[in-house]
Structure formats: C-alpha cells, structure tokens
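Q: Just passing along the structure, written as structure tokens.
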Amino acid sequence: MNRRQFLLSASSTAILAALGRQVFAVPMGGHAGHDMAAMPGMAMGAPADPSPVLKRLRLPSGRPLATVPRLVNRGGAGRFVGTLSAAPVTLNLAEGGVKTTAWAYNGQLPGPAIVAREGDSVEIVFTNRLNQPTTIHWHGMPVPADQDGNPHDPVKPGESRTYRFTLPKGSAGSYWYHPHPHGHTAEQVFRGLAGVFVVEADDDPLRHLAEDWLVLSDLRLDERGAIPANTAADWHDGREGQFLLVNGALRPVIALGQGERRRWRVWNATSARILKLALPGLEWQQVGSDGGLLGAPRALDTLMLAPGERAELVVSGSLPAGKSVALQSLPYTRGRAMTPEQTAAFTVATVKFGPPVAGAAVPAQLRQIPALGEPQVRRTLTFSENMADPASMFRINGQTFDMNRIDFTGRVGDIEEWDIVSEAHMDHPFHLHGTQFQVVARNDGSGWVAEPFLAWRDVINVPLREAVRIRFRQDLPGMRMYHCHILEHEDQGMMGQHRVSA
Ligand code: C2O
Ligand code: CU
Ligand code: CU
C-alpha cells in the first residue's frame, strides 16, 4: 500500500465508524488507481454520479435564464425591511411528476434576492420552520458580530428573530446569505437554503450595464427524486451533486445581443466545487470580486471560483443572432481522495446571441482600492488533515473548532496579516467573517509572489501544499469565525474564532 492508499482506507474506515451516517460502497479500487474515466458519469464529463439508476432522472434544461425573484421591501427609502422563513417545500425539480422535498427560504430555490443600497438600514425578520436549529449568516458583509448568524446564536425550531444592521458606504458588492448552525450547515445548504444579497451604490460606474445574475449551486437527487444525506465520501471530499444548477435550473440559456456588453454577477454557492469556468468564443473581463468592484477591469482567460466566492464580470461577443456558445466548467484537480476528480469539461449554461445591441463603455478605472498598510499583527494558520483521527480530521493549527475556545484575540482597527499555509492533501478555501481582506502574496512552494492587483475578498482558495498571505482590518468588535468553506469541513470543525475587542 502506498501512502495515499493507506490514507484513503484509513480515512474511509474511520469516517464510517465515527460518523455513523448513511454510507454507500466507496469505490476504493477505482479512484486509488488512474482509471477515473471508468467511473459512471465521467465519460460525458458530468459530475460524478455514484448510482447508474440516477441517469433515468432528468431535469428540464435549456430554458431562458430565470431572474432571481427579489425579497419584497416593506421599509421604503433608506430602510430595507423583509421577512424570511426557512421551511421544507415540495418542488417539481425533475421531469415526469417526480417530487422533491427541499428546504428553502420563502419556498424558493435559490432564496429571494435581497437588494439594498449603501447606507440602508436592514431588518430581516426570520422564522425557523425546520426541525433543527439554524441561523442566517450574511456571508462577506460588514455586519455586527451579534447579527451575523454565528453558531453561538441559533434560532430554534419554531422561533423567530430579527437581524438588524446598516450597510456602510463602500460596501456595495455581491454577497449571499446561508445558514451557519454548528454541525448542520452543509446539510441545510445542500437541501436548498441559500440566497443572494446585492448591495448597490449610487456612484456605481457600471450602473448603465444590463445585469445577469448566475447563482451556481449543486443538486444531488436519488432514484426517487429525494435529496439524499451525505455519504462518507462527501464528508471527506465535500459534496458535489450530479446537477450544477444556475438560478435553480439546469443549463439555462443566457441572452446576449450581438456586440452587447452585460454585467454578470456569479456566485459559487456549492458546498465544495472549485469552479474553473471558461467562455470560449466570448470576451470577458473581471470587474469585481467578493467585496465589490476591482480598481480596474482585468482581462480573463478562465475564472476560478471557490465555494462561497463571487465575481463580477463584463461579458461581450459579436457572433450573429442565433449562434450560441457554452459557459463551461473545466476540469480542476482539487485533491479529492474518495471520489473521482472532474476529468472533462461540461456545459453550465448556453449563451445565445440575439440582434445587435450597441456595446456600453466600460471605464478604465472603476474605483480606488487603497492598499492596507504594514500589519500590526502577524499570524500563521496551518491547514492539515489527520486521516487517522475521524473526530478531528480537518484541522487549523492542529485543532478542530471549539465554541468555547478563542483561537486569536485582536483589536478593532489593527491591520492583521495572516499566512494561511497548507500542509493538506486537498484544496481548502479559506473564509473570514465580518470584513473583506486583500491577498498580498501567494506561495506555490517556489517562494512568495506578490499579488499583481488589489481586490476585496472574503474567500480565497488555498491549494494543497500552497500558501496565501492576506491582510485585513476588522472595524467592528466581536467574535468572528474563519473556516474552510467546503461546508462538510466547516461542519467537522475546520473553523476557528478571532475575538476582536474595541
Ligand atoms: Cu459563507 Cu462562515 O460562511
Ligand atoms: Cu461567511
Ligand atoms: Cu476544507
């Protein structure tokens, strides 16, 4: 047995024993070798499909891209007041009258989009109609710690609570909201609980562009059309489904006028998929990241988007009306141990050309992003995996999450520099609550390389055996979580807390 095979069998046995959750026969022989192409579903380049029976189940595809319905604002100017509830809902996702029970915000997949403005006060009255505790976390947003849906503040079944915060100037960007209860985040998200939150700015230099929003999520259905529990392999590798949905639908058609320029906002709301997106035949530029616009547009070849991460793009092309091109997910190896890697490209959506539309101008400068200065505090976080200890498998600085342990203490206003160093065998996307950070350098093992541009982010993938250096400042006091955004890893404790005091 080589080391990898040893780790594999040790980890699978350990997970099965420790988790006691629903398991399926893990194809140990197949993935330890090189015969990935033989795995079911791989030939078509589709995401891994553990059961051939699933092929009978079809989702409608090729419909026009759905607009994400907006949450109604009952507040008026300067004040967003809305109501959300999390509850089971029965939907017709698959063809042939198959019914699927999902968990959804206000019965919608994805949840209703919240659209507010810089300066607005926000009040969301939330009711939990699930049979387990939940919270709403405002992913990436600068909200007070006690309003941020931390696992410390569960909303019990049948209970309600109101989340209140104000959106500061400069916070315009593409965020999202999702549950964050201790140990149940992955399940609540893969059953459907996630929605987007867009903060607009009065001085947005791209306001004149028409927008398309693409919320990417994973769906797995079993042969009855139900959303199955995680397998042992999912708990290890992070769950992927057999369907990658865009705004809740399979392979939608996105319209683009010939010569038109449109602004796309893209959310990776999957549990574990590290997306490498390509748009061959079109031009695209990245104009924004998690925390809003970049300083200037950047030409894109492929777009990498880790779980939890977002991007704003300007997309254009000049094919004649009627022609179409594919938005593709390209293969990317993220160090999966118990399930096959994606080995072929597949189509996420189709872009279909319509009649000519004059292309709107994109300014060369979008905004000023000041560099965060020299840090007052430096810390190192090391990601590792201990396959032999199922109770503590995914670790940060050798430990798993403990709600009663404060991992770091810091101060409001201090610039912190964190080196996130991977000693792991798979990629782990790092996420920090309460603020946005700047990546200052990356190290793939051959030395630190300065990041060539400034961007505000709250998720950064840390590829296996590599390191990323970030800087940030917390402007509000309180307990802030940081964790791997592969939700199965977060639930298993690949998370820590930074207590920031005034
Ligand atoms: Cu999107 Cu702590 O999470
Ligand atoms: Cu978050
Ligand atoms: Cu992870």
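Q: Does residue 322 satisfy being at positive phi and open to solvent by less than 30 Å² (accessible area, probe 1.4 Å)? Spell out the reasoning first.
A: Details: at positive phi: yes; open to solvent by less than 30 Å² (accessible area, probe 1.4 Å): no.
No, not satisfied.
Q: Need pairs with beta-carbon distance below 6 Å; first residue of a type in the set (D, E, K, R) and within the range 268-283, second assigned to a loop (DSSP other than H, G, I, E, B); sequence gap 6+ or separate chains.
A: 273/240; 276/302; 276/330; 276/332
Q: A follow-up question, please. Identify, please: which residue in the range 371-403 is over 26 Å from the mean Cα position of the chain (by Cα) and of a type outside the set (A, V, I, L, M, F, W, C) and is, among those, most open to solvent (accessible area, probe 1.4 Å)?
A: In the first step, residues of the range 371-403 are kept if they are over 26 Å from the mean Cα position of the chain (by Cα); the result is 373-378, 388-389.
Applying the additional criterion that residues be of a type outside the set (A, V, I, L, M, F, W, C) yields 373-376, 378, 389.
On the way: 373: 34, 374: 126, 375: 21, 376: 113, 378: 157, 389: 53 Å².
The extreme case among them is 378.
Q: Could you please find all residues in the range 220-241 being open to solvent by less than 10 Å² (accessible area, probe 1.4 Å) and aliphatic (A, V, I, L, M)?
A: 221, 232, 233
Q: Could you check the range 468-485 and list, in sequence order, the residues that are within 11 Å of ligand 1 (Cβ to nearest atom) and more than 17 Å from residue 141 (Cα to Cα)? If you could, list the steps in order and put the result at the bottom.
A: Residues of the range 468-485 that are within 11 Å of ligand 1 (Cβ to nearest atom), as a first pass: 480-485.
Scanning the range 468-485 gives a single hit, 484.
Q: Can you list the strands (runs of 3 or more DSSP E) found entirely within the range 443-499 that contain at least 3 residues being open to solvent by less than 10 Å² (accessible area, probe 1.4 Å)? It would help to see each step written out before you state the result.
A: Details: elements: 448-450, 459-462, 467-473, 478-484.
Filter on the range 443-499 gives 459-462, 467-473, 478-484.
Q: Taking into account only those residues within the range 240-276 that are within 20 Å of the chain's Cα centre (by Cα) and of a type in the set (Val, Ile, Thr), which is nearest to residue 179 (Cα to Cα)?
A: 270
Q: Can I ask one more? Any residue at all in the range 407-416 that is surrounded by 20 or more Cβ atoms within 10 Å (Cβ to Cβ) and within 16 Å of ligand 2 (Cβ to nearest atom)?
A: No: zero hits.
Q: Something else about it: Of the residues 76, 119, which is on the phi > 0 side of the Ramachandran plot, in a loop (DSSP other than H, G, I, E, B) and in contact with a strand residue (DSSP E or B) (Cβ under 8 Å, 6 or more places away or on another chain)?
A: On the way: 76 fails: in contact with a strand residue (DSSP E or B) (Cβ under 8 Å, 6 or more places away or on another chain).
Among 76, 119, only 119 is on the phi > 0 side of the Ramachandran plot, in a loop (DSSP other than H, G, I, E, B) and in contact with a strand residue (DSSP E or B) (Cβ under 8 Å, 6 or more places away or on another chain).
The values are calculated or read from the model by the stated rules, or taken from the named source; none is laboratory data. These numbers were taken from a predicted model, which means no experiment stands behind them. Here Cβ is always computed from backbone atoms with ideal geometry, including for glycine, and neighbour counts include all displayed protein chains. Keep in mind that these areas ignore ligands, DNA and RNA; they rest on the heavy atoms of the full protein, side chains included. Shrake-Rupley method; radii C 1.70, N 1.55, O 1.52, S 1.80 Å.
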